[in-house]
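Let me begin by presenting the structure, written as structure tokens, before commenting on it.
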Amino acid sequence: MSKQRILFVDDNIRLKEIGFEDVSDIFNTITNERIYLEEWLPFVEFTQEPSYTRLFVENYLNSDRLDITFTISYQNHFAGIIGLKDTDHDNKKTEIGFWLSDSFQHKGIITLSCKSLIDYIFDVMNLNRIQLKAANGNLKSQRVAERLGFLQEGIERDGELHNRGFVDLVVFSLLNSDR
């Protein structure tokens, strides 16, 4: 088993690659904040048992780990998840996704965590392009992308299936040369 990656964002925020020790925190946060989280996260409705979260972590740990998933801790408390998806090393690109517990909102945690992850993507992984997608109505996530200097490229129509049907996704990108 490879060593877990840890990114120290600042004195309060730490990103740690997920492991089995995180299953309870992830599951309990989703359970306790189900109504808040399921507005923009389609997987929440399927997360009914700890075994679902355990399987998510197990699948990650058994993967080739082209995509990386981190827990976000704020002052040593679990706050959310941030990670990469659809990483394509041949074309030097990836996508950032994240979610944050309601009780940790409005502290700059996601913006700072994304900044740290962006540096890791460009400087350590040597990728060139990062995408960030946010549901058309998810203004909080869209503002994160804008604060980080991502450019809006367009709309991915019916880009994600939620329990209320398909939602359009606003597509943002940041290139290494944009920094």
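Could you grab the relative contact order for the chain? Cα pairs under 8 Å, six or more apart, rounded to a whole percent.
Numbers: 283 pairs, mean separation 31.7, N = 179.
Rounded, it is 18 percent for the chain.
Take each complete run of DSSP H in the chain, measure how far its Cα atoms stretch along the helix's own axis, and keep only those covering 30 Å or more with mean Kyte-Doolittle hydropathy at least 1.6; list them. Mind showing how you got there, number by number?
On the way: long enough: none.
Span-like helices, by this rule, are absent here.
Let me spell out the model: positive unit charges on the Cβ of Lys and Arg, negative unit charges on the Cβ of Asp and Glu, origin at the Cα centre of the stretch 105-150. What dipole size does that give, in debye rounded to 20?
220
Only Lys, Arg, Asp and Glu count, each charged at its Cβ (+1, +1, -1, -1), so figure out the dipole size of the chain about its Cα centre, rounded to 20 debye. Show your work: numbers first, answer last.
On the way: 20 positive and 28 negative charges, 84 e Å.
Roughly 400 debye for the chain.
Pulled fully out, how much extra length does the chain show between residue 155 and residue 3, if you take 0.36 nm times their separation in residues and subtract their Cα-Cα distance? Intermediate results must be reported in sequence, preceding the final value.
Values: separation 152, 0.36 × 152 = 54.72 nm, distance 3.79 nm.
That works out to 50.9 nm of additional length.
In nm, give the distance between the simple-model label positions of residue 65 and residue 115, each being 7 Å from the Cα along the Cα-to-Cβ direction.
Roughly 2.7 nm, to one decimal.
Report the FRET efficiency, 1/(1 + (r/R0)^6), for residue 28 and residue 107, where r is their Cβ-Cβ distance and R0 is 25 Å, rounded to 0.05.
Values: r = 20 Å, r/R0 = 0.80.
Efficiency at R0 = 25 Å is approximately 0.80.
Toward the positive end of the charge dipole of the stretch 93-162, about the Cα centre and with charges on Cβ (Lys, Arg +1; Asp, Glu -1), which of 128, 159, 141 goes farthest?
141
Rounded to the nearest 500, what is the chain's calculated 222 nm mean residue ellipticity when only DSSP H runs of at least 4 contribute -39500 (n - 2.57) each, over all residues? Provide the component values of the computation, followed by the final result.
Details: 5 runs with 47 residues, N = 179.
Calculated mean residue ellipticity at 222 nm is -7500 deg cm²/dmol.
Between 49, 38, 160, where does the largest GNM mean-square fluctuation fall for the chain, given springs only between Cα atoms within less than 10 Å?
Looking only at 49, 38, 160, the largest GNM fluctuation is found for 49.
Using a Gaussian network for the chain with springs between C-alpha atoms less than 10 Å apart, which of these wobbles most: 123, 11, 86?
Fluctuation is largest for 11.
For residue 93, list the lysines whose Cα falls under 23 Å from its own Cα; do not include residues on the same chain fewer than 8 positions away.
Cross-link targets: 16, 85, 115, 133.
Would you calculate the separation in nanometres between label points at residue 140 and residue 46, each defined as 7 Å from the Cα along the Cα-to-beta-carbon direction?
It is 2.3 nm.
Taking 2.2 N^0.38 Å as the expected size of a compact globular protein, what ratio does the Cα radius of gyration of the stretch 1-118 give against it, to two decimals?
Details: Rg = 13.9 Å, N = 118, 2.2 N^0.38 = 13.5 Å.
My calculation over the Cα atoms of the stretch 1-118 gives 1.03.
Could you list 40, 99 so that the one with the fewest beta carbons within 10 Å of its beta carbon is first and the one with the most is last?
Values: 40 17, 99 22.
Ordered by Cβ neighbours within 10 Å, fewest first: 40, 99.
With a cut-off of at most 11 other beta carbons within 10 Å, and DSSP calling the residue loop, which trypsin sites (Lys or Arg not before Pro) in the stretch 131-167 qualify? Please list them. Could the numbers behind the result be given before it?
Values: sites: 133, 140, 143, 147, 157, 164; in loops: 164.
Of the trypsin sites (Lys or Arg not before Pro), the ones in loops of the stretch 131-167 whose Cβ has at most 11 other Cβ atoms within 10 Å are 164.
Every read-out reported here was derived from the displayed coordinates using simple, explicitly stated rules and does not represent laboratory data. Computed from a predicted model, the values in this text were never measured in an experiment. Because the Cβ atoms are built from the backbone with ideal geometry, glycine has one as well, and the counts that use them run over all protein chains shown.
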